[in-house]
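Right, one structure below, let's go through it.
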Amino acid sequence: MRTLYLLRHAKSSWADPTVADHERRLSPRGRRDAKLIADHIGRLGSAPSLVLCSTSRRTRETLERVRAALDTAAVSLEPELYAASADTLLERLHGVPDEIASVMLIGHNPGLEDLALFVASNGPELARLEAKFPTAALATLTLLPTATWHRLSEADAVLAAYIVPKDLGLAR
């Protein structure tokens, strides 16, 4: 069974409007939320085999905060994932070798949300994801038995879990 984890970067800081979008850091809330998601991933006990991460500063800082929970996952920082569309993300997943059991994409909206909604055929949390995919949200999609990375397409997965930091008990 193949698993796709979609992790939106944690909340970024807008304190300095002169900082280029690609270079925005995580805000204090973003650092806290990334830690909550890292703890959650650690409790799951099933780290992805491969992590594909945008090169933006906020995605790299999110990765740094969840890295310990990712066990020995191979990590690839990929410039083309910065602000990528769902089509670009899907094309990248088509290049993942089929022997890889699980992949985590750390990136940006609207691409991540659009990708999740495109590949998810159903799931108990689908309506919640359709409503909003906030920063530091983690969608876990289980690919159907007939789906492969290189042929992943519409409705080829089930949304197995959807977690946002607020679900993990931190008062804002």
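At-a-glance table
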| item | result |
| --- | --- |
| His9, His94, His40, His108 arranged by Cβ crowding within 10 Å, fewest neighbours leading | His94, His40, His108, His9 |
| In range of the label at Leu144: residues from the stretch 104-123 whose backbone nitrogen is under 11 Å from the point 7 Å along Cα→Cβ | 120-122 |
| Neighbour-limited loop hits for GluC sites (Glu not before Pro), the stretch 28-135 (at most 11 other Cβ within 10 Å; DSSP other than H, G, I, E, B) | Glu99 |
| Cα-projected label distance for Glu154 with Glu64, points at 7 Å along beta-carbon direction, nm | 4.1 |
| Qualifying trypsin sites (Lys or Arg not before Pro) in the stretch 44-144, DSSP loop, other Cβ atoms within 10 Å at most 10 | Lys132 |
| FRET E, pair Ala74, His22, Förster distance 22 Å, beta-carbon r, rounded to 0.05 | 0.40 |
| Antiparallel %, DSSP beta bridges [both residues in the chain], to 5 | 45 |
| Inter-probe distance in nm under a simple model that places probes 7 Å from Cα toward Cβ, at Ala15 and Ser85 | 3.6 |
| Distance between the stretch 1-27 and the stretch 31-93 - C-alpha centres, whole angstrom | 11 |
| Gaussian network model of the chain, Cα within-10 Å springs - most flexible of Ala127, Ala73, Ala20 | Ala20 |
| Mean separation of Cα contacts under 8 Å (6+ apart) over length of the chain, as relative contact order % | 30 |
| Order of Phe118, Phe133 - criterion: other Cβ atoms within 10 Å of each residue's Cβ, fewest first | Phe118, Phe133 |
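Quick note: the coordinates plus some simple rules give every number you see, no bench work behind them. In this text, all values refer to a predicted model and were calculated from it rather than measured experimentally. As a convention, Cβ positions derive from the backbone with ideal geometry for all residues, glycine included, and neighbour counts pool all protein chains shown.
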